[in-house]
Amino acid sequence: MRIKPAGGGDEELIFVAGGILEVQPSVITVLADTAIRGHDLDEAKATEALQRAEEARASAKDKLEIATIQAEYAMMAAQLAAIRKLRQKR
């Protein structure tokens with residue numbers, strides 16, 4: 001997500017996952033389960049978490065555990081994609 005301050009200033013990139021988005025004519029509200037500023041994203045940590053999720057998925061047994069691990073895996077994959085996109089813009 002990109003945030004452009006109304007009064008001007010530098011655009012800020014933020015990774016968001018989960019939650020809801022409300023759009024009104026003059027205001028956009030984001031209520032996110034996870035929000036990480038672009039400069040705080042850590043590719044090494046995200047890659048490590050993705051690998052842990054892959055390993056956990058291989059040993060998961062019940063449907064709830066599998067669904068939870070798949071959600072974590074999807075979020076880490078999205079975070080890595082955001083990191084790579086942010087790196088290309090620099």
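The values are calculated or read from the model by the stated rules, or taken from the named source; none is laboratory data. The model shown is predicted, which means the values in this text are computed figures rather than measured ones. Ideal geometry is used to build each Cβ from the backbone, glycine not excepted, and the neighbour counts take in all protein chains shown. Remember, those area values only see protein heavy atoms, side chains included, never the ligands or the DNA or RNA. Shrake-Rupley method; radii C 1.70, N 1.55, O 1.52, S 1.80 Å.
Summary table below
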{"quantity": "Hits in region 79-90 (condition: under 12 Å from the mean Cα position of the chain (by Cα) and open to solvent by less than 50 Å² (accessible area, probe 1.4 Å))", "calculated": "Gln79, Leu80, Ala82, Ile83"}
{"quantity": "Selection within region 67-82 - touching a helix residue (DSSP H, G or I) at 6+ places or on another chain (Cβ under 8 Å) and touching a residue at least 60 places away in the same chain (Cβ under 8 Å)", "calculated": "Gln79, Ala82"}
{"quantity": "Tally of residues being of a type in the set (Gly, Ala, Ser), in a helix (DSSP H, G or I) and surrounded by 14 or more Cβ atoms within 10 Å (Cβ to Cβ) across region 38-61", "calculated": "5"}
{"quantity": "Residue within region 17-28 that is open to solvent by less than 60 Å² (accessible area, probe 1.4 Å) and either polar (S, T, N, Q) or out of contact with any helix residue (DSSP H, G or I) (no Cβ under 6 Å at 6 or more places or on another chain) (or both) present", "calculated": "yes"}
{"quantity": "Residue that is most open to solvent (accessible area, probe 1.4 Å), among those in region 1-16 that are outside any strand (DSSP E or B) and not charged (D, E, K, R)", "calculated": "Ala6"}
{"quantity": "Checking Tyr73 against (1) under 15 Å from the mean Cα position of the chain (by Cα); (2) among the hydroxyl-bearing types (Ser, Thr, Tyr); (3) surrounded by fewer than 14 Cβ atoms within 10 Å (Cβ to Cβ), the condition it does not meet", "calculated": "(3)"}
{"quantity": "Among residues of region 18-30, those that are part of a strand (DSSP E or B) and touching an Asp or Glu at 6+ places or on another chain (Cβ under 6 Å), counted", "calculated": "1"}
{"quantity": "Flag for Leu64 being open to solvent by 70 Å² or more (accessible area, probe 1.4 Å), in a strand (DSSP E or B) and free of Cβ contacts under 8 Å to residues at least 24 places away in the same chain", "calculated": "no"}
